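To start, the structure itself, in structure tokens.
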């Protein structure tokens with residue numbers, strides 16, 4: 001049986017994987033006030049747990065892309081989704097900061113792999129003019145996952161199990177609600193593995209693809225000068241990856257700008273709770289933020305695709321869209337200064353749309369300029385910059401919103417204080433406002449660095465240059 005538009009069915013499965021990825025990730029942040037209360041954790045403990053997740057995410061990024069390139073997209077994605085789904089289910093057994101940290105570390109090891117594998121799938125299945133849109137669509141899956149997570153897990157966490165389902169309350173003990181949330185959201189990922197393993201193949205190996213679609217995909221590769229076959233082709237060595245100028249430019253671009261998106265994932269619900277007075281139940285309003293992220297994902301991909309159709313080079317078209325995004329980001333400074341919550345949320349929507357449109361196009365540049373046999377590896381190295389930036393953001397924001405800790409410093413606190421101690425002491429207790437100001441200038445700075453560095457002139461046929 002031949003399937004019309006098979007590449008979009010492949011993308012639908014990647015979209016669902018992204019939804020599950022962010023449901024599992026956001027379960028902790030959506031339920032943070034409840035879990036912190038049950039496990040006796042303060043904001044510094046929460047920041048350390050998020051940082052431990054991001055450390056695992058970073059380590060995984062450094063190897064998961066290479067793993068996807070070696071094993072192939074089909075097997076690589078299967079391993080990543082299975083790993084993180086089981087890890088999320090195990091989080092239900094957490095009884096303190098150490099056990100919670102261990103399970104979130106394991107979650108990070110699995111979750112990072114989906115993104116280099118997804119970008120590799122896009123390089124294998126989509127022509128250049130559709131790539132940013134495809135990346136935008138599966139990234140919208142992540143934002144939808146973050147959107148539905150509060151509506152899915154908060155009712156599970158606040159349900160009265162002692163009264164209505166006493167056997168579950170007895171079996172799981174204190175915090176039965178949030179434990180159930182981790183169990184159920186993780187189990188769904190295991191179900192996803194079945195259709196993925198059945199459907200995904202390289203285009204030429206798929207028994208479902210129509211001839212005209214195969215010609216579209218391979219014709220686009222021939223036009224760009226890319227290879228049409230992966231088997232037998234040697235991927236870039238680590239030396240080639242690390243001496244490719246665009247690798248470092250894109251890594252720094254994500255290190256500088258991704259902390260803003262991480263903030264909205266991990267800290268914005270806490271900001272609304274502590275600074276705007278929203279209750280755990282009212283934090284469902286955060287769906288608006290993630291819906292805006294979905295709009296930004298699609299809009300960013302569509303706009304650069306339109307420029308490509310009009311004759312603009314792929315990487316150059318991404319940069320022009322990113323310039324527009326960078327010009328909108330200074331609005332973030334106003335979010336913490338306006339009094340009305342509706343106005344603050346409206347400004348947040350604008351900022352998040354711009355942030356995700358930026359991220360989609362920055363991610364698409366990787367696929368534009370790297371041969372597809374090495375997309376996973378380069379994407380994972382670039383994305384490692386994202387998580388390093390996230391770790392720095394977490395530490396800085398935790399210091400901004402907290403006074404001196406009454407607990408002994410953990411290894412993360414000690415490590416960060418060794419490097420950034422004087423800076424952190426200077427900003428300690430200043431609140432969220434300085435961070436909103438910092439976010440206003442991250443994107444213009446990153447755009448100038450990328451443009452002056454010439455990332456728009458890089459390409460798969462370009463000579464590998466030392467940085």
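The values are calculated or read from the model by the stated rules, or taken from the named source; none is laboratory data. Everything quoted here is computed from the prediction, not taken from an experiment. In this analysis, Cβ positions are derived from the backbone assuming ideal geometry, glycine residues included, and neighbour counts consider all displayed protein chains.
Descriptive notes on the structure:
- In region 169-228, the qualifying residues are those that are surrounded by fewer than 16 Cβ atoms within 10 Å (Cβ to Cβ) and on the phi > 0 side of the Ramachandran plot, and the one that is modelled with the lowest pLDDT is 225.
- Residue 28 vs. criteria at pLDDT 90 or above, assigned to a helix (DSSP H, G or I), on the phi < 0 side of the Ramachandran plot and buried (at least 23 other Cβ atoms within 10 Å of the Cβ): no
- Screening residue 300 against (1) farther than 30 Å from residue 126 by Cβ; (2) under 21 Å from the mean Cα position of the chain (by Cα) leaves a single unmet condition, (1).
- Against the criterion of being modelled with pLDDT of 85 or more, more than 20 Å from residue 139 (Cβ to Cβ) and assigned to a helix (DSSP H, G or I), residue 20 does not qualify.
- The single residue among 63, 86 that is modelled with pLDDT of 85 or more, within 20 Å of the chain's Cα centre (by Cα) and under 20 Å from residue 190 (Cα atoms) turns out to be 86.
- Scan of region 32-49 for residues that are closer than 18 Å to residue 272 by Cα and either in contact with a helix residue (DSSP H, G or I) (Cβ under 8 Å, 6 or more places away or on another chain) or in contact (Cβ under 8 Å) with a residue 40 or more places away in the chain (or both), ordered by number: 32, 33, 34, 35, 36, 42, 43, 44, 46, 47
- Scanning region 423-458 for residues that are outside any helix (DSSP H, G or I) and buried (at least 18 other Cβ atoms within 10 Å of the Cβ) returns 432, 458.
- Taking the listed residues 354, 315, the one that is surrounded by 19 or more Cβ atoms within 10 Å (Cβ to Cβ), modelled with pLDDT of 80 or more, touching a helix residue (DSSP H, G or I) at 6+ places or on another chain (Cβ under 6 Å) and under 29 Å from residue 243 (Cα atoms) is 315, with no other qualifying.
- Qualifying residue in region 33-44 (condition: at pLDDT 85 or above and farther than 16 Å from residue 97 by Cβ): no
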